[in-house]
Amino acid sequence: MSRKALITGAVRGIGAAIARALQQDGCRVAVTYHRNDVAAASFQEETGIPVYKWDVADYAACVEGVAKVAADFGGPVEILVNNAGITHDSMFHKMGPEDWRAVIDTDLISCFNMTRQVIVAMREAGFGRVINISSINAQKGQMGQTNYSAAKAGMIGFTKALALESAGRGITVNAVAPGYIATDMVAAVAPEILAKIVAQIPAGRLGQPGEIAEIVRFLASDRAGFVTGSTLTANGGQYLA
């Protein structure tokens, strides 16, 4: 059966790798993005996967956007991957409310905004997969990232509570907590700082987006029907939760 999958923030990096993996598994896939029109156009041309532009921090935009995706699919979303995320790093005593709220809204509030649009149909159908992309820094904390760590930790709590509510309806809800992955976001880190980060990873390297996509591919499949409320870590041994 061809499942209908929607991945947020997915025209680059981990999200794009997830979209390709689910497409390879025969899913009908759609992705969202917010700002990078060039990357979105390139991704759609390369993969043939439809791309939709809206801000997942905006509830009304999510209502309209998910309805449009479902209409284009010809049926409701069955697999939702909440991947969209941003960072605005600074030490907490220097952090302004705008940077705090922007990260909380995009990384955490978006989970409510998006999942609320699909959960009723999943319950009615007796099947659903909700997969939330959290972070190693949700588990261990990170200096300069109180906003990001709080948001990503909130995703894990959201995952556990919604899993309990949904298990009896055939819906699984899980989180993935990647460590440092070779994406554009990590590439923007100063080389000397990145070298120090890699030195702390027992595996001796950054992870690859495709490695995270393989975890999501399993969680999205029928094979993972007994896995729910879990947080799967993939960090090369950097932090053992």
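Please treat every number below as a calculation from the coordinates, not as lab data. Not measured: the values here are computed from a predicted model. Cβ: placed from backbone, ideal geometry, glycine included. Neighbour counts: every protein chain shown.
Seen from Asp25, the other residues with C-beta closer than 13 Å to its C-beta sum to a net charge of +4, counting Lys and Arg as +1 and Asp and Glu as -1. According to the Kirkwood relation over distinct C-alpha pairs, the hydrodynamic radius of region 1-127 is 15.1 Å. The spacing between region 75-121 and region 145-220, judged by their C-alpha centroids, is 14 Å. When the P(r) is computed for region 137-241, the part past 18 Å accounts for 55% of the Cα-Cα pairs. For every other residue with a beta carbon closer than 14 angstrom to the beta carbon of Ala190, add +1 if it is Lys or Arg and -1 if Asp or Glu, then tell me the sum. Neighbour charge sum, excluding Ala190 itself: -1. Restricting attention to the chain, lysine pairs at least eight places apart or on different chains and with alpha-carbon atoms under 26 angstrom apart total 14. Treating each Cα of the chain as one equal point scatterer and applying the Debye formula with no solvent, the log10 of I(q)/I(0) at q = 0.18 Å⁻¹ comes out as -1.49. Relative contact order, whole percent, for region 4-234 stands at 21, derived from Cα pairs under 8 Å and 6 or more residues apart. Rounded to whole numbers, the Karplus 3J(HN,Hα) couplings from phi for region 140-154 are 10, x, 7, 4, x, 9, 4, 5, 5, 4, 5, 5, 6, 5, x Hz, using 6.51 cos²θ - 1.76 cosθ + 1.60 with θ = phi - 60°, and x at Gly and Pro. If you take all C-alpha pairs in region 192-241, what percent of them are over 14 Å apart? Of all Cα-Cα pairs in region 192-241, 61 percent lie more than 14 Å apart. So what's the net charge close to Ser166: Lys and Arg +1, Asp and Glu -1, counting the other residues with Cβ under 14 Å from its Cβ? Local net charge: +2.
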